[in-house]
Amino acid sequence: MSAPYYQDDSVTLYHGDCMEVLGELTSGRAESAAHVVVTSPPYNMGLTPGGNGRGMYRPGANNKGGRFREGYGDGDHDDAMPQPEYDAWQREVLGLLWELIPDDGAIFYNHRVRVEHGRARLPLGMDFGPAVLRQIITWDRGTGIGVTGRHFCAVAEWIMLLARPEFKLRDHSASGMGDVWRLGMERDRSHPASFPASLPARALDASAARSALDPFAGSGTTLVAAKALGIPSIGIEKSERYCEMAAKRLAQDALDFGGVA
Ligand SMILES: C[S@@+](CC[C@H](N)C(=O)[O-])C[C@H]1O[C@@H](n2cnc3c(N)ncnc32)[C@H](O)[C@@H]1O
């Protein structure tokens, strides 16, 4: 098993490729490794299929996509795979996660619809491999990406709830929160694509999660939320820079955590 990059009483963070580390976790099949997964993969923002290969956003454009023209800025992931390759990779990751979670487990998979060449592209063409889609939750970020004359500015992202047959919410009040989550955006922008801690916090709390996993941990937001809720968690992140960022957040005495919104 790979050596953890960071570890404390409740969190283990691995620096590595999630396919490799998930393979190791699956073969070890630690019973409580991952009851609930909350994750946001790279969105493959850097390439226009059939386009010029330099990204779908104009150079120098002051928008989120513009910041992704060079991937995550660390040379580890350029976020510009041919789309079929990207979709196949994501299905493979979901397949490993699906194997890892128990019969009452679930995956909260954050992704977004985007418009390419005048046509909506849905996440993975809505084919999640073996994972079963139970519900789409709308995350209202409160602010938009990509103002254009061609379509309405996207203010929302999706959280696909991929759930094993016995997955249940904590109780009826968790269900009563509804399927539109108005959580805004992360204010600390040191990671280019982080979600607010209230997002994994709500997912984990509503699921009465026994343990949490994020295979694309980024700045460690899911781990921070899990720790604050007293839930053991595992994270995997390919970029050492973001591992360092996550480790710093996790080592803080008073976690920077907005609570369960
Ligand atoms: C959308 S970001 C996740 C942000 C995270 N939710 C947060 O709040 O900070 C996706 C992350 O996946 C990482 N990544 C890309 N390819 C990876 C791989 N093969 N294995 C593990 N992490 C990877 C990127 O470095 C990036 O930090």
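Taking all pairs of different Cα atoms in segment 150-259, averaging 1/r and flipping that mean, what Kirkwood radius in angstroms comes out?
Values: mean 1/r = 0.0663 Å⁻¹.
Value: 15.1 Å, from the Cα pair sum.
Could you sort His111, His151, His117, His172 by their accessible area in this structure, using a 1.4 Å probe and putting the largest first?
Numbers: His111 10, His151 70, His117 135, His172 165 Å².
Sorted by accessible area, descending: His172, His117, His151, His111.
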Please work out how much accessible surface Leu169 shows to a 1.4 Å probe, ignoring ligands, DNA and RNA, in Å² rounded to 10. 70 Å²
Out of residues 5 or more away from Thr12 or on other chains, whose amide H comes under 5 Å of its own, with H placed 1.01 Å from N in the peptide plane? Ser233, Ile234, Gly235
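The values are calculated or read from the model by the stated rules, or taken from the named source; none is laboratory data. Bear in mind that the values here come from a model prediction, so they are computed numbers and not experimental data. With ligands, DNA and RNA removed, areas are computed over all heavy atoms of the protein, side chains included. Shrake-Rupley method; radii C 1.70, N 1.55, O 1.52, S 1.80 Å.
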